[in-house]
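Below is one structure, written out as C-alpha cells; the observations come after it.
The values are calculated or read from the model by the stated rules, or taken from the named source; none is laboratory data. Keep in mind that this is a model prediction, so the values were computed, not measured. Virtual Cβ from ideal backbone geometry, glycine too; neighbours counted across all protein chains shown. These area figures cover heavy atoms from the full protein model, side chains too; ligands, DNA and RNA do not enter into them. Shrake-Rupley method; radii C 1.70, N 1.55, O 1.52, S 1.80 Å.
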Amino acid sequence: MGTPAGRLYRRLEGLFAVYKPPGVHWKLVRDTVETNLLKGINSAAPPAPQLQVQFLPESTESSSGSTELKLTATCLPALAEHPRVTGPRFRKLRVGVGHRLDAFSSGLLVLAVGQGNKLLTDLYNSHVTRDYTVEGEFGMATDDFSNTGRLIERTTYDHITQDKLERVLAMIQGANQKALLAYSNVDMSSQEAYELAAKGSLYPQGKSPPIVTGLRCLHFEPPHFSLEIQCLHETQRFLCRLVHEVGLELRSTSVCTGVRRTRDGPFTLQMALTRNHWTLLDIVQAVQQSRSAWRQSTSRAFLPQDTRSRGGEQERHGVDEGARVAVSD
C-alpha cells in the first residue's frame, strides 16, 4: 500500500462521527459515506507505471540499398497495470456502524473504516453512557409511543406543572440508580459501592435492561416539553416508551415527537460531520481528532466490561421494575 491511494486508506482507518438527519435510515448514511470515500481515494494520483523492455523492429537501409529489419531494445510502460485496464484500485470499503439510530431519530452516529472496526467493537461492548435530547407532547397516546403512530387516546394535560414533571423525573432517576447498583454486582452496603458511585464508575456487569443514569427537564411549555436523558444499553424505542411512562405517571398521556443523540461515549455532537462534510479530507481530519479523544477517554473511565469476579451475582429483590421504567424491546 505504498501508493497514494493506499496511504490515504491507512489514514482513514479509525473512528469518526457523522450527523444522521431524521427520516433517513442509517444504512443510507453508511452507504453514502462509503461511496464518497471510494470516490476520493480512487481519484488520487495513480502510481508511476512500471517499465518493461520490449524489442521493436526498426527498418534501416544497408550500403547496398536494400532495407533491413533490426530489433531495438526499448523501455515502454506496462499497460497491464494501467488504471484503465485494472479499474479502480478500491472497489469496497469496510465501513462499520456503532450504536445505531432508527429512521425516526437523529444525531450522532459513530462509523469506522478498516481496522477501526476493532475499536468499534470495544466501543459497542463498553459501558459508555449516551446522551439524548428527547422531545415530547402531552395529551395523546399512540401504538408505538411516537407522534407518527396510530392514535389510541386523547387526554387532558392542564393539571400538569413543571414541578410535578420534575418530581416524576426524580422518582424515575432514583429507581434507576437502585437498578444500577443491583446490576453492578456490588454489595450496596460496602465501601466499594460508595467509592465507585462517588467516582461515577459504577456500571452494570454483564447484560442488563436499559438504565437511566441522568434525567432532567430542559424545556416545559405544555403540551410540549423536552428532556435530557443519559442512559446505558438503551434503544430508541425505550426512549419513546419512557416518554409514554412519564405521561402516565402524571395522570395523562404523552408521545415522543423527536429523539436526538448528542453524545456517544467520548464522541460529542461538535465532532459529528454534517452531510456537506462527508468528504475524504474532512473524514481524515475527523479520524485524527477522534484518536486523541479515544486515548483520553480510555485513560479515564471509558473501559470495556469489567470481568472481575465478585463472588456470585447480587440479588435484585430490592429493584422495583415497574417504578424504574426500564422496559426493553
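Kindly provide the set of residues from the stretch 178-215 that are out of contact with any strand residue (DSSP E or B) (no Cβ under 8 Å at 6 or more places or on another chain) and either modelled with pLDDT of 95 or more or closer than 21 Å to residue 244 by Cα (or both), ordered by number. Scanning the stretch 178-215 gives a single hit, 209. Considering the conditions (1) open to solvent by less than 60 Å² (accessible area, probe 1.4 Å); (2) in contact with a strand residue (DSSP E or B) (Cβ under 8 Å, 6 or more places away or on another chain); (3) modelled with pLDDT of 80 or more, residue 22 is excluded by exactly one of them, (1). Whenever a residue of the stretch 27-51 is farther than 30 Å from residue 76 by Cβ, its partners that are among the hydroxyl-bearing types (Ser, Thr, Tyr) and assigned to a loop (DSSP other than H, G, I, E, B), lying with C-beta atoms within less than 7 angstrom and at least six residues away or across chains, give the pairs 36/279; 40/279. Considering each of 213, 268 in turn, give the residue that is within 19 Å of the chain's Cα centre (by Cα), hydroxyl-bearing (Ser, Thr, Tyr) and surrounded by fewer than 21 Cβ atoms within 10 Å (Cβ to Cβ). Of the residues listed, the single one that is within 19 Å of the chain's Cα centre (by Cα), hydroxyl-bearing (Ser, Thr, Tyr) and surrounded by fewer than 21 Cβ atoms within 10 Å (Cβ to Cβ) is 268. The condition (being farther than 19 Å from residue 254 by Cα, open to solvent by 40 Å² or more (accessible area, probe 1.4 Å), among the hydroxyl-bearing types (Ser, Thr, Tyr) and without any contact (Cβ under 8 Å) to a residue 60 or more places away in the chain) is satisfied by just one residue among 189, 208: 189. Here's a check for you: in the stretch 83-124, which residue that is part of a helix (DSSP H, G or I) and among the basic types (Lys, Arg) is surrounded by the most Cβ atoms within 10 Å (Cβ to Cβ)? Within the stretch 83-124, the match that is surrounded by the most Cβ atoms within 10 Å (Cβ to Cβ) is 118.
Within the stretch 144-163, how many residues are assigned to a strand (DSSP E or B) and either open to solvent by less than 20 Å² (accessible area, probe 1.4 Å) or modelled with pLDDT under 95 (or both)?
To start, the set of residues in the stretch 144-163 that are assigned to a strand (DSSP E or B) comprises 146, 151-154.
With the extra rule that they be either open to solvent by less than 20 Å² (accessible area, probe 1.4 Å) or modelled with pLDDT under 95 (or both), the set shrinks to 146.
Residues meeting the conditions: 1.
For the stretch 125-143, the set of residues classified as out of contact with any helix residue (DSSP H, G or I) (no Cβ under 7 Å at 6 or more places or on another chain) and either surrounded by fewer than 18 Cβ atoms within 10 Å (Cβ to Cβ) or within 18 Å of residue 272 (Cβ to Cβ) (or both) consists of 125, 126, 128, 129, 130, 131, 133, 143, listed by residue number.
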